[in-house]
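Working notes, structure below.
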Amino acid sequence: MIKKDENIILGISIGDMNGVGPEVILKTFEDQRMMEFCTPVVFGNAKLLSFIKKIINCNTNIHGIDSLDQIQKGKFNVLNIWKEGVNLDFGTLNDTVGQYAIKSFMAATQALKNNEIDALVTAPINKYNIQSDEFKFPGHTDYLNQELEGNALMFMVSDDIKIGLLTDHVPLQNVSQHLTPELIKQKIRTINQSLIQDFNVIKPRIALLGLNPHSGDNGIIGTEEQTFINNTVKELFDENIIVYGPYSADAFFGSEQHTNFNAVVACYHDQGLIPFKTLTFGTGVNYTAGLNKIRTSPDHGTAYDIAGKGIADFTSFKNAVYTALDIYKNKNEYLQSTANPLKVSNV
């Protein structure tokens, strides 16, 4: 249960420091009023962030700490998880910088597991320079799925549209092999539950997009819809999950059908991310639904082309912060209300 005077401890992984991650973090908390909503803790190095702050001409006040028990409310806390200097070259792909990005992320994840922070917001990383013997994952989501409880789902969210993915970082040629009735059921159940507990939607309405053009055109352009997708939707509906489809993806968003639903489920990455980013780019949020902990991130990458110039738009990162805080409150209220149902009196 959240008390009125409780200040949520928000962990932040620093991301690729040659990209815009540190800049959007610093800009978000340049407004001191943000500390009224949460206590931020960046996992990184205070001296390095002070250096970046001067480069981008930002006025965020940095409070360096060496352990999490030194966190101060009302401050922009930076936990020093390394002491050595790191050479930055904004806008370049660097393996060493990538390893520090993962060091930050793994430390923040451990703190999340240990309940030392309440939620996590991750700044963008580059998938090419993070790989090592210790970290062999295509990105944040896959690692979190291993480390936390539950089944992770990439859920792209904004006020006006929410899109969940059945498959995320899977090559297009392998998508149909990954799609099974069991996977579809698991992902749609996760989305339905997330809408209820994380976003306060009482009776979610969900739309599923077809895998093939025109949802297969009755088997002429693909058979997956007829073979198992149609029947899986019916079985989910019989579970009292209000899901419709599969809809032909090409006209679904142009005809604004998405406005009739609380969430849309896409079969693969670009089928969902292209319309989402077209409609919300720079303001949307990536939320990892389905886990026992909360993680959000902005909807953009490292943006090397503008890194170190002080011109990065921090709207999406700021929205990721707000989304994490809202979900934390909603989820706790939901868990409280469902954990202690009122007992029927015998009197």
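The values are calculated or read from the model by the stated rules, or taken from the named source; none is laboratory data. Everything numeric in this text was worked out from a predicted model, so none of it was measured. Here the Cβ is made from the backbone with ideal geometry for all residues, glycine too, and neighbour counts use every protein chain on show. Ligands, DNA and RNA are excluded from the accessible area calculation, which covers all protein heavy atoms including side chains. Shrake-Rupley method; radii C 1.70, N 1.55, O 1.52, S 1.80 Å.
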Using the Kirkwood radius over Cα pairs of the stretch 128-183, the Stokes-Einstein translational diffusion coefficient at 25 °C and 0.890 mPa s, in µm²/s and rounded to a whole number, is 183 µm²/s
Yeah, the stretch 25-93 with a ≥ b ≥ c from its alpha-carbon gyration tensor (a/c under 1.5 is rounded, else prolate when a/b outruns b/c, oblate otherwise) is oblate
Heavy-atom accessible area of the chain with neighbours in place, 1.4 angstrom probe: carbon+sulfur share in percent works out to 47 percent
Rounded to whole Å², per residue accessible area for the chain with a 1.4 Å probe reads 47 Å²
Note: GLN226 to ILE306 extended length (0.36 nm per residue) minus current alpha-carbon separation gives 24.1 nm
Expected field for ARG33, accessible surface area in Å² at 1.4 Å probe radius, rounded to 10, holds 150 Å²
Relative contact order in percent for the chain (Cα pairs under 8 Å, 6+ apart) equals 23 percent
Once THR338 and THR259 are pulled to full extension, the length gained, defined as 0.36 nm per residue separation minus their Cα-Cα distance, is 25.5 nm
ASN87 and ASP31 label points (each 7 Å along its Cα→Cβ direction) are spaced in nm at 3.9 nm
Residue-normalised 222 nm signal for the chain, counting each DSSP H run of n ≥ 4 as -39,500 (n - 2.57), nearest 500 deg cm²/dmol, is -10500 deg cm²/dmol
Set LYS73/LYS187; LYS83/LYS277; LYS103/LYS185; LYS136/LYS187; LYS47/LYS277, cut-off 32 Å on Cα-Cα distance; pairs above it are LYS73/LYS187; LYS83/LYS277; LYS103/LYS185; LYS47/LYS277
Taking only the alpha-carbon positions of the stretch 55-173 as identical scatterers, the Debye log10 I(q)/I(0) at q = 0.11 Å⁻¹ comes out as -0.50
Ranked by GNM mean-square fluctuation in the chain (Cα springs under 10 Å), the top entry among THR296, THR122, THR141 is THR141
Residues other than THR167 with Cβ under 15 Å of its Cβ, Lys/Arg counted +1 and Asp/Glu -1, net out at -3
Most fluctuating of GLY284, GLY21, GLY301 in the GNM of the chain (C-alpha, under 10 Å) is GLY301
Yeah, the stretch 241-284 with a ≥ b ≥ c from its alpha-carbon gyration tensor (a/c under 1.5 is rounded, else prolate when a/b outruns b/c, oblate otherwise) is prolate
For the stretch 1-94 the chymotrypsin sites (Phe, Trp or Tyr not before Pro) that pass both the DSSP coil test and the at-most-12 other-Cβ-within-10 Å test are none
Loop-resident GluC sites (Glu not before Pro) in the stretch 126-234 with no more than 10 other Cβ atoms inside 10 Å, DSSP not H/G/I/E/B, are GLU134, GLU149
Computed Rg/Rh for the stretch 223-347 (Cα atoms; Rh = Kirkwood radius) stands at 1.08
